[in-house]
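A.B. asks: My questions all concern the structure below.
Derivation of every value follows stated rules applied to the coordinates shown; laboratory data play no part. As the structure is a computational prediction, the values presented were derived from the model and not from experiment. No Cβ is skipped: glycine too gets one built from the backbone with ideal geometry, and neighbour counts run over all protein chains shown.
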Amino acid sequence: MAVMGLTFPRGRALLGVVIYGTLIFGGAFSFTYYALLDIHAGLGQTLLALVPLATLLLAVLQRQEHLRLAAVVGTLLSILGIGVMSGLSASEAVPALSLLALLGAVLCFAQGTVLLRFFPAVHPITTNAVGMVVGAAILLALALLLEETIALPESGATWLALAYMVVLGSGPVFVLYVVVVRLWGASRAAYTFVLIPLVTVALSAWIDDEPVGVGLVLGGLLVLAGVYVGALRPAATADH
């Protein structure tokens, strides 16, 4: 912000950025962390794929968008695809509180995305600079309240992971996300949530030599089909 000479938001613009940071970085991150302590990552990814559908429904309720059948179908295809990729089992035990926490994360991600188009536009860098400070303060307060240990990492690998998350996995990712929301609208931009697990398993297969099975291929094709139907299909042929 300082290098680019960006101004600090004020009034309704500041309120919007603070709520965005509270929902996305404070709410969604804390809910997701709590849920994934007890829920299998595959199920977690599948439930987080509900974000596009939740975003669409909230955008419709708040009169930002019209309900689109293609978006609903696309989300359902993507959820099915991630479920196939993750090899979910019907007998998998799901703690009720963890499930509610993950659904809370879905709602936080969805509402935070919708609010980006409700309040006055703020530069994407400013939006995330202020929003992440708000979210970090909330997470720190929760850690102190729950008496979690706060200590610096001791492993070099952990420092490298943090460096990656700070330099690439947080700042640029969320700056670009805000740009996409402004250009595409809330519900279409939210399809990034169903692409994350697809990219994750693809990179894992490449870097960690994870086996590429039928489930991965079929699930990946379903995810891509869902993203195309729900977000990428030309508007001239899409239903409204």
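A.B. asks: Which of 206, 184 comes first, and how do the rest follow, when ranked by fewest Cβ neighbours within 10 Å?
C.D. replies: 206, 184
A.B. asks: With a bin width of 10 angstrom, please list the P(r) values of segment 28-81 as percents of all Cα-Cα pairs, from the 0 bin to the one holding the largest distance.
C.D. replies: Reading the bins upward from 0: 23, 41, 29, 7.
A.B. asks: Right, next: Please work out, to two decimal places, the log10 of the ratio I(q)/I(0) at q = 0.12, 0.13, 0.23 Å⁻¹ from a Debye calculation in which every Cα of segment 61-176 carries one identical scatterer.
C.D. replies: Each listed q corresponds, in turn, to -0.76, -0.89, -1.34.
A.B. asks: At 7 Å along Cα-to-Cβ for each site, give me the label-to-label distance between residue 155 and residue 176 in nm.
C.D. replies: Distance between label points: 2.7 nm.
A.B. asks: For segment 112-220, with the dipole built from +1 on Lys and Arg beta-carbon atoms and -1 on Asp and Glu ones, taken about the Cα centre, which of 196, 128, 217 lies farthest toward the positive end?
C.D. replies: 128
A.B. asks: Here is a follow-up. So, with +1 on the Cβ of K and R and -1 on the Cβ of D and E, and no other charges, what is the size of the charge dipole of the chain about its Cα centre, to the nearest 20 debye?
C.D. replies: Taking the Cα centre of the chain as origin, the dipole is about 1140 debye.
A.B. asks: Does segment 93-142 classify as rounded, prolate or oblate by the C-alpha gyration tensor (a ≥ b ≥ c root eigenvalues; a/c under 1.5 gives rounded; else a/b over b/c gives prolate, otherwise oblate)?
C.D. replies: It comes out oblate by the Cα gyration axes.
A.B. asks: So for the chain, averaging the separation of alpha carbon pairs under 8 Å that are six or more residues apart and normalising by length, what relative contact order in percent results?
C.D. replies: Over the chain, the number comes to 37 percent.
A.B. asks: Per-residue counts of other Cβ atoms within 10 Å, averaged by peptide: what ranking do you get for 120-128, 189-197, 145-153, 74-82, highest first?
C.D. replies: Averaged packing, sorted descending, gives the order 74-82, 189-197, 120-128, 145-153.
A.B. asks: Explain nothing, just compute: Karplus ³J(HN,Hα) = 6.51 cos²θ - 1.76 cosθ + 1.60, θ = phi - 60°, for every residue of segment 149-154 in order, whole Hz, x for Gly and Pro.
C.D. replies: 6, 10, 8, 6, x, 9
A.B. asks: Continuing with this model, one more query. Take each uninterrupted DSSP H stretch in the chain, measure its Cα extent along the helix axis, and return the ones at 27 Å or beyond whose mean Kyte-Doolittle hydropathy is at least 1.6.
C.D. replies: Span-like helices here: 96-115, 124-145.
A.B. asks: Roughly speaking, what is the stretch gain from residue 200 to residue 121, that is 0.36 nm per residue apart minus the C-alpha to C-alpha distance, in nm to one decimal?
C.D. replies: Full extension from residue 200 to residue 121 adds 25.3 nm.
A.B. asks: Taking mean projected area of the Cα convex hull in nm² straight from the coordinates, which label in [x] 12.5; [y] 15.3; [z] 13.5 is the correct one?
C.D. replies: The value computed from this structure is option [y].
A.B. asks: Next question. With a Förster radius of 25 Å, plug the Cβ-Cβ distance of residue 96 and residue 143 into 1/(1 + (r/R0)^6) and report the FRET value to the nearest 0.05.
C.D. replies: Plugging the Cβ-Cβ distance into 1/(1 + (r/R0)^6) gives 0.55.
A.B. asks: A follow-up question, please. Set Lys and Arg Cβ to +1 and Asp and Glu Cβ to -1, take the dipole of the chain about its Cα centre, and tell me which of 1, 164, 46 lies farthest positive.
C.D. replies: Final value for the positive-end residue is 1.
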